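**Student:** Take a look at this one; I'll ask things after.
The values are calculated or read from the model by the stated rules, or taken from the named source; none is laboratory data. Predicted, not measured: the structure shown is a model, and the values here were computed from it. Every residue, glycine among them, receives a Cβ derived from its backbone with ideal geometry; neighbour counts consider all protein chains shown.
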Amino acid sequence: MPDKIDKAIIVTSSVAGALAVAGVSTKVIGFTSAGIAAGSKAAVIQAGIGSVAANSAFATVQSLAASGLISTITLMTGIGFGVCLTYIGITLYKNLKKSSS
């Protein structure tokens, strides 16, 4: 049964993975640090909205992308995810080594 540290690593890895996917997804959709990418899905959404209301979800995501925060979050969660996976790999290796001895 996993101990508290193992559970914490699993939760942290899950959250980091979700944040990394969200960060990458916003770029794929078309939210960039230079604004909405021409011809992207975000451009189609914006055209459908018309005048984007301040503090709307669309405006908030674009603000985060323009500030570079999404890129930073994606990078940091990727690093965190890598550290967690490394820990999990080392733990599994040690447990397998113990059980085979």
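**Student:** Go through (1) among the basic types (Lys, Arg); (2) closer than 30 Å to residue 90 by Cβ; (3) surrounded by 12 or more Cβ atoms within 10 Å (Cβ to Cβ) for residue 7 and report which single condition fails.
**Tutor:** In the conditions (1) among the basic types (Lys, Arg); (2) closer than 30 Å to residue 90 by Cβ; (3) surrounded by 12 or more Cβ atoms within 10 Å (Cβ to Cβ), residue 7 misses (3) alone.
**Student:** Among the residues of the range 57-86, how many are among the aromatic types (Phe, Trp, Tyr) and either at pLDDT 80 or above or more than 22 Å from residue 21 (Cβ to Cβ) (or both)?
**Tutor:** 1
**Student:** Restricting attention to the range 10-34, and to residues there that are touching a Phe, Trp or Tyr at 6+ places or on another chain (Cβ under 8 Å) and under 15 Å from residue 73 (Cβ atoms), which single residue is surrounded by the fewest Cβ atoms within 10 Å (Cβ to Cβ)?
**Tutor:** If we take residues in the range 10-34 being touching a Phe, Trp or Tyr at 6+ places or on another chain (Cβ under 8 Å) and under 15 Å from residue 73 (Cβ atoms), then 17 is surrounded by the fewest Cβ atoms within 10 Å (Cβ to Cβ).
**Student:** Could you identify the single residue in 54, 43, 37 that is loosely packed, with under 15 Cβ neighbours inside 10 Å and either over 19 Å from the mean Cα position of the chain (by Cα) or under 26 Å from residue 11 (Cβ atoms) (or both)?
**Tutor:** After applying the criteria, what remains is 54.
Table: residues versus (1) in contact with a helix residue (DSSP H, G or I) (Cβ under 8 Å, 6 or more places away or on another chain); (2) modelled with pLDDT of 85 or more.
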| site | (1), (2) |
| --- | --- |
| 1 | no, no |
| 5 | no, no |
| 12 | yes, no |
| 23 | yes, no |
| 31 | yes, yes |
| 42 | yes, yes |
| 45 | yes, yes |
